[in-house]
Amino acid sequence: MKILVTGGAGFIGGALIRKLLQNTSYKIFNLDKLSYASDLVSINQINSSSDINRYEFLNVDLADQSKTQDAVEYSKPDKIIHLAAESHVDRSIDSPSLFIQSNILGTFNLLESAKIHWEKSKKDIIDFLFHHVSTDEVFGSLGSTGQFNEDTKYDPRSPYSASKASSDHLVRSYFHTYELPILITNCSNNYGPWQFPEKLIPLVIMKAISNEYIPIYGNGKNIRDWLFVDDHVDALLQIWDRGVIGETYCIGGESERSNKFIVEYICEALNKKLNNKKSFKELIKFVKDRPGHDHRYSINPNKIKNQIKWKPKLTFEEGIDRTIDWYLNNQAWCKRVLLDAGYSGERIGLQKE
Ligand code: NAD
Ligand code: DAU
């Protein structure tokens, strides 16, 4: 079994590749352009202690059509799992064109390359799969009630979510038009180790321990549905076994929390862990809201629970505790990736231009 993972140098792709290296005998190709959010240390740590021939890194930008096609032809995958994307909403507000290039054009180039490869190798590859990893943000913003499910109509509201919605539509069109065997998953907010410290949870931990103010956008009442990254990875793997080609599966943690709750929870956990005299909560500052800030996301996970028999292993409390400990123990990594990325935790997403 040969598998091509795109975006494997990122947060979720990295967790997936670590799991594949540890628990399967697949040959793994990791295609990534190596952006500011990428890091290969976590994979290299595992790979160096295992069979080196099972893993190969391909430094490719999906926006480059011919290099993408070469990479697919070279790796000849039985399965493609497509995670590569520009993933930060705030950056999509400042620089939307990057999101169009990577998330829309990149997905189109990968689909075309996959189609050519699949058509050429139908007799050798019995169960080809193109698995597209997407987000709950394509469904827009909920009020205080209701949930997203597989039938919710698309209503993206940021350049990031609009680019992901567009990529979902392209992937689905290749199923209906060319019968390319695809699956789409739309997941809620992930958190856990090795996430680049620009997203809420790692940013708050980093700000607190650096004694810098902790920014909460708007009134802090926005709600996200949090899922520990390894639980997302388990869902992706289980869908390969029991998912139906052409279908969509929503993945969520049934762990809705407001941003204010999350930030205060982390501050309190850090107060206990570090035995701080002054409460980290004193660092919290309510700042100008994110433009077009979606109010609430919530996934109804009944389809994946009933059809795939997946449910998260960790509670939010277990997952966040592990995550905080990991960041406390890996400060050097955080500082290094921030330095390499030229990002020092400053506010982004206020329409720079
Ligand atoms: P990430 O930003 O940590 O990593 C993305 C990786 O994709 C990076 O290594 C980057 O270099 C690579 N990449 C981006 N554009 C590329 C291109 N043009 N060519 C090659 N590589 C490219 O993102 P993540 O949080 O790991 O998210 C992975 C996927 O999961 C994304 O598609 C995202 O939309 C989706 N998703 C993320 C979450 C979340 O909470 N993080 C939730 C649901 C879905
Ligand atoms: O829902 C899935 C999505 O979750 C993924 O598709 C995205 O790739 C991922 O980045 C994430 O998007 P969000 O915008 O929800 O995540 P972020 O961590 O940027 O923000 C979470 C919430 O916290 C959001 O309501 C904005 C708020 N926030 C964020 C930051 C960085 C703050 O209040 N302060 C901050 O400093």
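Rule-based calculations on the coordinates, nothing more; no lab input. This one's a predicted model, so the numbers in the text were calculated from it and none came from an experiment. In this analysis, Cβ positions are derived from the backbone assuming ideal geometry, glycine residues included, and neighbour counts consider all displayed protein chains.
Hey, could you get me the Stokes-Einstein D for region 215-283, Kirkwood radius over alpha-carbon pairs, 10 °C and 1.306 mPa s, rounded to whole µm² s⁻¹?
D, rounded to a whole number, is 107 µm²/s.
Enumerate the residues in region 197-223 having an amide nitrogen under 11 Å from the point lying 7 Å beyond the Cα of Lys285 toward its Cβ.
Answer for this model: 212-216.
Could you give the C-alpha radius of gyration of region 76-184 expressed as a fraction of 2.2 N^0.38 Å, taking N as the number of residues it contains?
Dividing the Cα Rg of region 76-184 by 2.2 N^0.38 Å gives 1.16.
Greater than 25 Å separation of Cα atoms is the criterion. Which listed pairs, Lys27/Lys313; Lys2/Lys33; Lys76/Lys303; Lys207/Lys305; Lys67/Lys153; Lys27/Lys122, meet it?
Exceeds cut-off: Lys27/Lys313; Lys76/Lys303; Lys207/Lys305; Lys67/Lys153.
To the nearest Å, what is the center-to-center distance of region 44-100 and region 238-280, using C-alpha atoms only?
The distance from the Cα centre of region 44-100 to that of region 238-280 comes to 26 Å.
With viscosity set to 0.692 mPa s at 37 °C, what whole-number translational diffusion coefficient in µm²/s follows for region 1-131 from Stokes-Einstein and a Kirkwood radius over Cα pairs?
219 µm²/s
Per the Kirkwood treatment, what hydrodynamic radius in Å, one decimal, follows for region 233-334 from the mean inverse distance over all distinct Cα pairs?
Kirkwood radius, region 233-334: 16.8 Å.
Which of the trypsin sites (Lys or Arg not before Pro) across region 210-303 are loop residues per DSSP, with 12 or fewer other Cβ within 10 Å?
Lys277, Lys278, Lys288
Could you work out how far helix 106-120 tilts from the main Cα principal axis of the chain, as a 0 to 90 degree angle to the nearest 10?
Computed tilt is about 30 degrees.
Relative to the longest principal axis of the chain, what angle (0 to 90°, nearest 10) does the C-alpha long axis of helix 259-274 take?
70 degrees
By DSSP, what percent of the beta bridges with both residues in the chain are antiparallel, rounded to the nearest 5?
So the antiparallel bridges amount to about 10 percent of the total.
Scan around Ile216 for amide H atoms under 5 Å from its own, H built in the peptide plane at 1.01 Å from N, and keep only partners 5 or more places away or cross-chain.
Residues meeting the amide H criterion: Lys285, Phe286, Val287.
If you keep only loop residues by DSSP, which trypsin sites (Lys or Arg not before Pro) in region 105-198 have at most 13 other Cβ atoms within 10 Å of their Cβ?
For trypsin sites (Lys or Arg not before Pro) across region 105-198 that sit outside H, G, I, E and B with at most 13 neighbouring Cβ atoms in 10 Å, the list reads Lys122, Lys123, Lys153.
For the chain, with a Gaussian network of springs between Cα atoms less than 10 Å apart, report the residue from Thr315, Thr323, Thr248 with the top mean-square fluctuation.
Thr315
Could you size up the charge dipole of region 251-353 around its Cα centre, putting +1 on the beta carbon of Lys and Arg and -1 on that of Asp and Glu, and report it in debye to the nearest 20?
100 debye
Across region 325-335, in residue order, what do the Karplus-derived ³J(HN,Hα) couplings come to in whole Hz, using 6.51 cos²θ - 1.76 cosθ + 1.60 with θ = phi - 60° and x for Gly and Pro?
Couplings: 4, 4, 5, 5, 8, 10, 4, 5, 4, 4, 4 Hz.
Measuring from label point to label point, each 7 Å out along Cα→Cβ, what is the Ser344 to Asp70 span in nm?
3.8 nm
When the chain is fully extended, how far beyond the present Cα-Cα distance does Gln22 get from Ser97, taking 0.36 nm per residue of separation?
The span from Gln22 to Ser97 would gain 23.3 nm if fully extended.
About its Cα centre, what dipole magnitude does the chain give when the only charges are +1 on Lys and Arg Cβ and -1 on Asp and Glu Cβ, stated in debye to the nearest 20?
For this selection, approximately 640 debye.
How far is helix 200-209 tilted off the main Cα axis of the chain, in degrees rounded to 10, range 0 to 90?
It works out to around 40 degrees.
What is the projected area of the convex hull of the Cα atoms of the chain, averaged over all directions, in nm²?
For the chain, the mean projected area of the Cα convex hull comes to 17.0 nm².
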